[in-house]
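The values are calculated or read from the model by the stated rules, or taken from the named source; none is laboratory data. Given the structure is predicted, the values throughout are model-derived calculations rather than measurements. As a convention, Cβ positions derive from the backbone with ideal geometry for all residues, glycine included, and neighbour counts pool all protein chains shown.
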Amino acid sequence: MLSSSRLPTDVGAKRSASLSGGAAVLFTAVVIRHIVRHAAMSAETRAVVPFVLSLVGGVFLLVGAIVTSMFVFGSPTIVGSMSGMMGGTNGQMGVGMMIGGMMGIYPIFSIIGLASGGLVILGAVMLYSRPFEKDLWGAVIIAFSILGIFGGMGGLMIGLVLGIVGGALALAWNPTPKTLASKPAILSS
């Protein structure tokens, strides 16, 4: 049975969680509305498919990096219990020391994963807003998608594949002469 003092905090926690979820849904709806509104009129002047694939791939890279960061920067009790169980239970001190050493270097990989996810998203946005620089941003997307395998499991491998396909499509896309004369788009509604 729930106590009366605990009930309002649970309701407040659910309300704040639903508000943050609602803000994420609202933000996603605004971005999708903007893309749909401008995709029809800019399909011949913008690399829309490589942009969407690379953007989703970058989001998956960030999610993968955040998931692995939770293990790296998580509770020291979890890390200590992992190395203690591995080293102390079986009497193999080497295994426990390897896990401790790995936890010392893995924050570097976690930061690489977060940075690569952010740079893939940046590359996707710049590809959309500056289609005349498609070679540069396609190469940036491919390079950081591959680099993301070290820090975030390649975005659960989905981000790696989407980033490479999006970057390859950006490199293979042939802009029309109208694209080269167009000015950069500003992502605002």
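Check K134, K183 and return the single one that is of a type in the set (K, R) and either modelled with pLDDT under 85 or in a loop (DSSP other than H, G, I, E, B) (or both). If you could, list the steps in order and put the result at the bottom.
Numbers: K134 fails: either modelled with pLDDT under 85 or in a loop (DSSP other than H, G, I, E, B) (or both).
Being of a type in the set (K, R) and either modelled with pLDDT under 85 or in a loop (DSSP other than H, G, I, E, B) (or both) holds for just one of K134, K183, which is K183.
Is at least one residue of the stretch 72-86 surrounded by 14 or more Cβ atoms within 10 Å (Cβ to Cβ), modelled with pLDDT of 65 or more and either acidic (D, E) or assigned to a helix (DSSP H, G or I) (or both)? Yes, there is a match, as at least one residue in the stretch 72-86 is surrounded by 14 or more Cβ atoms within 10 Å (Cβ to Cβ), modelled with pLDDT of 65 or more and either acidic (D, E) or assigned to a helix (DSSP H, G or I) (or both). I'd like the full set of residues that are crowded, with 17+ Cβ neighbours inside 10 Å and either among the hydroxyl-bearing types (S, T, Y) or within 24 Å of V72 (Cα to Cα) (or both), limited to the stretch 116-139. Within the stretch 116-139, S116, G117, L119, V120, I121, Y128 meet the criteria. Residues in the stretch 140-180 that are surrounded by fewer than 17 Cβ atoms within 10 Å (Cβ to Cβ), on the phi > 0 side of the Ramachandran plot and either part of a helix (DSSP H, G or I) or of a type in the set (D, E) (or both): L156 alone.
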